[in-house]
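The structure appears below as structure tokens.
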Amino acid sequence: MKVFLESIGCRLNLSEIEKIAAELRNAGHEIVGDTSDADIAIVNTCAVTSSASADSRKSIRRIANSGCEKIYVTGCYATVAPETVIDLPSVVSLYSNDGKKDIITDLFEQFQIQPGISTSVVREPLPGKNHRTRAFIKAQDGCDNHCTFCLTRIARGKSVSQTKTEIFVDVENALKGGAKEIVLTGVNLGSWGKDLRDGFTLPKLISQIINRYSPNRIRLSSLEPWDIDRSYFRVFEHPSFCQHLHLPLQSGSDVVLMKMGRKMLTKEYQELIQNIRSDFPEMAITTDLMVGFPGESEKDFIESIAFVKNLNFSGGHVFRYSPRPGTPAAKMDKIVQEKEKIYRSKKMRQVIADSEDQYKKKFLNKKLSVLWEKIEKQDKENYLLSGLTGNYLRVTVAAHEDLQNMISEVQIIKIENNHLLGQIV
Ligand code: SF4
């Protein structure tokens, strides 16, 4: 059977779809990169914002329009809006996030497929647009926090950790598949281990992965700032730990943070960043920011932008608040007008772009190691390659061979179109 797999939204979704791919390959089926070749399709949807929900619908329609008659849908959008998703063209089955694990069993039953014999299923990147060189490993799911704007905690439920053994097997399969970088991912990764009650914590897990498997690189997808304590700092020192932390702040105004139900206010957040930078001055710190939250006054926004400017992030995502069904914030009044949200988002993006530029300039004429991820352009033996540094900078170089999934030392020469241009040394 030929199966097309689609993942929308977060890295957790992608790691889950890659796992489904491995089980299907193990049972002798082909994962195709083009919808028109597929007998069936499986779509892992997202609903974090209203535009993510729209992307999920668009993707299902695109697959149906390409002639695929059997689409199996799962993920956050399928969990929070089942009645809408089931009515979309060619959708034959729906699985909530809880039921995701049943997709494979049902498929095997439906199509009388014998599960694969091998227990260790080597990771292979997906074909087509969902191809990723770096291996995203699911370590945790769900969340026990109560941010008032967040639909993810509703769609994914309580925090559940993968066991160490499950994670070790996935890491092993990824490394056997040639992955040079392991990215641990989850909804609230920092809460990994708290439900396992064996006193094991995320820093200990990272150290064990490093000691057992010596991956070239290990990265964390995102951490809520309140989960970081000094025990992380010893892990940050390790040469294979990617010097990049994504620490969502959401707002630089305490008034707004309290309405959001966030567990850390600006003073603590600033102290945390200062502590990290005093030990790791070159650590890339990126963030998530939301503008236009209900009740965010002009004064709150000015405070927020001043705080963000002062922290000099090395990058970040800026979202316009969109009410998510079933969240407490969706019932809040003092709605900020869309026009004003667009204006605030533009201002905040400019602040992030300026500090990101400052951060990049620090690395001009320096050497960085880059994992090549894709060929941007190619003619005969000339390749324009792009890849990521450990501190999450995108670099492009000209090369005479395809170095995808290899790591090279690169001298950074200049900044062009938001990319660092380099030369392999
Ligand atoms: S920490 Fe907050 S924003 Fe993050 S998943 Fe949990 S509830 Fe959502």
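Below are the figures for this structure:
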read-out	value
Residue under evaluation Gly316, criteria (1) touching a Leu at 6+ places or on another chain (Cβ under 7 Å); (2) open to solvent by less than 30 Å² (accessible area, probe 1.4 Å), criterion not met	(2)
Flag for Leu368 being assigned to a strand (DSSP E or B), surrounded by 15 or more Cβ atoms within 10 Å (Cβ to Cβ) and not small (Gly, Ala, Ser)	yes
Segments classed as strands (runs of 3 or more DSSP E), wholly inside segment 61-169, with at least 3 members that are modelled with pLDDT under 95 and open to solvent by 70 Å² or more (accessible area, probe 1.4 Å)	none
Answer from Lys347, Lys339, Lys309 - the residue that is out of contact with any helix residue (DSSP H, G or I) (no Cβ under 9 Å at 6 or more places or on another chain), in a helix (DSSP H, G or I) and open to solvent by 80 Å² or more (accessible area, probe 1.4 Å)	Lys339
Unmet requirement for Lys194, which otherwise passes all of (1) within 16 Å of the ligand (Cβ to nearest atom); (2) open to solvent by 50 Å² or more (accessible area, probe 1.4 Å); (3) at positive phi	(3)
Among (1) within 16 Å of the ligand (Cβ to nearest atom); (2) more than 17 Å from Leu14 (Cα to Cα); (3) in contact with a strand residue (DSSP E or B) (Cβ under 9 Å, 6 or more places away or on another chain) - the single one Glu224 does not satisfy	(3)
Residues located in segment 380-423, provided they are open to solvent by 60 Å² or more (accessible area, probe 1.4 Å) and either farther than 29 Å from Phe313 by Cβ or in a loop (DSSP other than H, G, I, E, B) (or both)	Lys380, Glu381, Asn382, Tyr392, Ala398, His400, Glu401, Asp402, Gln404, Met406, Asn417, Asn418
Cβ-Cβ under 7 Å pairs, at least 6 apart or on other chains, segment 321-338 side under 20 Å from Glu298 (Cβ atoms), far side of a type in the set (Lys, Arg) and part of a helix (DSSP H, G or I)	Tyr321/Lys341
Every residue from segment 237-263 that is within 13 Å of the ligand (Cβ to nearest atom), open to solvent by 50 Å² or more (accessible area, probe 1.4 Å) and free of Cβ contacts under 8 Å to residues at least 24 places away in the same chain	none
Check on Val160, over 20 Å from Asn44 (Cβ atoms) and either without any contact (Cβ under 8 Å) to a residue 12 or more places away in the chain or not small (Gly, Ala, Ser) (or both)	no
Residue check, Glu373 within 18 Å of His419 (Cβ to Cβ), open to solvent by less than 80 Å² (accessible area, probe 1.4 Å), assigned to a helix (DSSP H, G or I) and acidic (Asp, Glu)	no
Where Ser90 falls short, out of the listed (1) over 29 Å from Tyr321 (Cβ atoms); (2) not assigned by TED's automatic domain parsing to the domain that holds Arg11	(2)
Single residue of Ile413, Ile407, Ile375 found to be touching a residue at least 24 places away in the same chain (Cβ under 8 Å) and within 25 Å of His246 (Cβ to Cβ)	Ile407
Tally, over segment 40-58, of residues that are farther than 19 Å from Met290 by Cα and open to solvent by less than 10 Å² (accessible area, probe 1.4 Å)	7
Residue among Ala52, Ala41, Ala22 that alone is among the small types (Gly, Ala, Ser), in a helix (DSSP H, G or I) and more than 19 Å from the chain's Cα centre (by Cα)	Ala22
Every residue from segment 69-98 that is among the polar types (S, T, N, Q) and within 23 Å of the chain's Cα centre (by Cα)	Thr74, Thr79, Ser96, Asn97
Meets criteria (in contact with a Pro (Cβ under 7 Å, 6 or more places away or on another chain) and either open to solvent by 20 Å² or more (accessible area, probe 1.4 Å) or within 16 Å of the ligand (Cβ to nearest atom) (or both)) for Thr201	no
Which numbered condition Lys176 misses (of (1) within 16 Å of the chain's Cα centre (by Cα); (2) more than 14 Å from the ligand (Cβ to nearest atom))	(1)
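The values are calculated or read from the model by the stated rules, or taken from the named source; none is laboratory data. In this text the structure is predicted, and so the values were computed from the model without any measurement. Don't worry about glycine lacking a Cβ; one is built from the backbone with ideal geometry, like all the others, and counts go over all protein chains shown. Ligands, DNA and RNA are excluded from the accessible area calculation, which covers all protein heavy atoms including side chains. Shrake-Rupley method; radii C 1.70, N 1.55, O 1.52, S 1.80 Å.
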